[in-house]
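Reviewing the structure listed below.
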Amino acid sequence: MKNLKLFFSALTVAFGILGLTKALSTEITMPIMFVCLTTTMFITSKEYKDKQQKSTAVYFLLLGIFLLIVTVNNVASLIWGI
C-alpha cells in the first residue's frame, strides 16, 4: 500500500510541475493530477481504516469523494462547455 501511495503522490507532483511550467496544457494536467490525488486519498483512507482509526478514514474518504466530484465537474465543463 505504501508503494502505491508513493507512486500516486509522485504522479500528482509530476503533473503539477508539468502544468505549472506550461510543458503541458493545464486542461490536460489538472484532471490527471486530481485523479492521482483522489486515488492517494482513497489509499490513505484504506490505511487508516485498517489501523482502526475510523474517523480519520472517513475524513480522507470524504475528501477523496469531494475531489472526484470536482474533477468530474471540471472535465464535464471542458467537454460540454457547461
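The values are calculated or read from the model by the stated rules, or taken from the named source; none is laboratory data. In this text, all values refer to a predicted model and were calculated from it rather than measured experimentally. FYI the Cβ positions are ideal-geometry reconstructions off the backbone, even for glycines, and counts take in every protein chain you see. Just so you know, the surface numbers come from the protein's heavy atoms only, side chains and all, with ligands and any DNA or RNA stripped out. Shrake-Rupley method; radii C 1.70, N 1.55, O 1.52, S 1.80 Å.
The residues of the stretch 22-54 include none that are of a type in the set (S, T, Y), at pLDDT below 95 and over 20 Å from V70 (Cβ atoms). Of the residues making up the stretch 27-54, just one is acidic (D, E) and under 15 Å from G16 (Cα atoms), namely E27.
The set of residues in the stretch 60-82 that are open to solvent by 80 Å² or more (accessible area, probe 1.4 Å) and in contact (Cβ under 8 Å) with a residue 12 or more places away in the chain contains only L78. Apart from one condition, K22 fits all of (1) touching a helix residue (DSSP H, G or I) at 6+ places or on another chain (Cβ under 7 Å); (2) farther than 17 Å from M1 by Cα; (3) open to solvent by 40 Å² or more (accessible area, probe 1.4 Å); the exception is (1).
Of the residues K54, K46, which single one is in contact (Cβ under 8 Å) with a residue 24 or more places away in the chain and touching a helix residue (DSSP H, G or I) at 6+ places or on another chain (Cβ under 8 Å)?
Unique residue meeting the criteria: K46.
If you go through the stretch 40-59 and keep only what is open to solvent by 40 Å² or more (accessible area, probe 1.4 Å) and within 14 Å of the chain's Cα centre (by Cα), you end up with just F42.
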